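The values are calculated or read from the model by the stated rules, or taken from the named source; none is laboratory data. Remember, predicted model here, so these are calculated numbers, not experimental data. When we count neighbours, we look across all protein chains shown, and the Cβ atoms used for this are built from the backbone with ideal geometry, even at glycine. We work out accessible area using only protein heavy atoms, side chains counted, and drop any ligands, DNA or RNA first. Shrake-Rupley method; radii C 1.70, N 1.55, O 1.52, S 1.80 Å.
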Amino acid sequence: MPMTTDALPTPGPVPQQTAPGSTPPGAARSAPDRLLAVLAAFDHDHPALSLTDISRRAGLTLTTAHRLVGALTEWGALERDAGGIYHVGLRLWELAALAPRGLALRQIALPYLEDLYEATHENVQLAVRDGDDVVYIEWLSGRSAVGVHIRVGARWPLHATGVGLALLAHSDPTSQEAYCQGTLTAFTPYTIADAPQLRRVLAEVRRTGVAVSVRQVTEDALSVAAPVRGPGGAVVAAVSVVVPQAGAQVPVLTPAVRVAARGISRALGWQPDEPRRGSPIPGRGSSPA
């Protein structure tokens, strides 16, 4: 929530860094906003924070941060170690386990992901869409698999990954066009970075049923992804395998990825001949294909 003022800013100290989505000290916020700002101070790059760190990243005074952190710690959302450093608590993990697009989906999909890993011994991923991002909810990796910038809970823009392209290609046309008209961040010289190219790629994904992402996030990796459908036929997730770009055999990988996606879809209740209806797993970006 941006800070607003009625006058031009005057010279002063350099502002302290705050976490994404937080508000600098002094801005008017509701009690829930302040509470959520404390939780938002934690991310994959900042999993352990001191009280001062939380105050700065949440954009709160130290007194307010102390009060809110105390309440969250007492409830179990945060935990404090012997050195006075705070971590995310198990109470949040318990709540996250109830998310139908999180652990519940992961548990259903895991046997098929393991089969795909055994068939390829490469990186295997399961992801869902959240707004303009893809969020990874499972990742299996072998010792000799190509290195990837992925971990459970990681986010990447939809256009830059195989799973993201599979999800975006099967969203509604209005959502696709809005995404194509947005900023397409490039991570390598091979990242899809213009709307006409992205439209062509999405059309090819719909035609073939698989998405192939080549050297988009790292220049040494290629991924093949396929959509996962729910009981009504709506695409609710995507599964992929990521291999070294050099020597990658897409025609060999494609059937294995399709089998895994189809197996997960059937386990979720999808029937191939059933008319497609709305998704039973709610969330932004889930829509009939």
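For this structure, a couple of remarks:
- Scanning region 197-212 for residues that are of a type in the set (A, V, I, L, M, F, W, C) and part of a helix (DSSP H, G or I) gives Leu198, Val201, Leu202, Ala203, Val205.
- Residue check for Ala260: at pLDDT 95 or above and open to solvent by less than 30 Å² (accessible area, probe 1.4 Å): yes
- Residue that is nearest to Leu116 (Cα to Cα) [pool: residues in region 212-230 that are open to solvent by 30 Å² or more (accessible area, probe 1.4 Å) and β-branched (Val, Ile, Thr)]: Val212
- Taking the criterion of being open to solvent by 20 Å² or more (accessible area, probe 1.4 Å), within 21 Å of Gly233 (Cβ to Cβ) and small (Gly, Ala, Ser), the residues of region 157-211 that qualify are Ser175, Ala203, Gly209.
- Any chance Val135 is in contact with an Asp or Glu (Cβ under 7 Å, 6 or more places away or on another chain), modelled with pLDDT under 95, open to solvent by 20 Å² or more (accessible area, probe 1.4 Å) and hydrophobic (A, V, I, L, M, F, W, C): no
- Neighbours by Cβ (under 8 Å, 6+ apart or cross-chain): first from region 50-76, free of Cβ contacts under 8 Å to residues at least 24 places away in the same chain; second of a type in the set (A, V, I, L, M, F, W, C) and outside any helix (DSSP H, G or I): Asp53/Ala41
- When Glu94, Glu74 are checked against the criterion of being farther than 22 Å from Asp53 by Cα, open to solvent by 50 Å² or more (accessible area, probe 1.4 Å) and of a type outside the set (Gly, Ala, Ser), Glu94 stands alone in meeting it.
- Top-ranked residue in region 35-51 [being open to solvent by 40 Å² or more (accessible area, probe 1.4 Å) and either acidic (Asp, Glu) or touching a Leu at 6+ places or on another chain (Cβ under 7 Å) (or both); ranked as farthest from Arg155 (Cα to Cα)]: Leu35
- The residues listed here are Val241, Val224, Val236; of these, the one that is part of a strand (DSSP E or B), under 16 Å from Ile108 (Cβ atoms), in contact with a Ser or Thr (Cβ under 7 Å, 6 or more places away or on another chain) and touching a residue at least 60 places away in the same chain (Cβ under 8 Å) is Val236.
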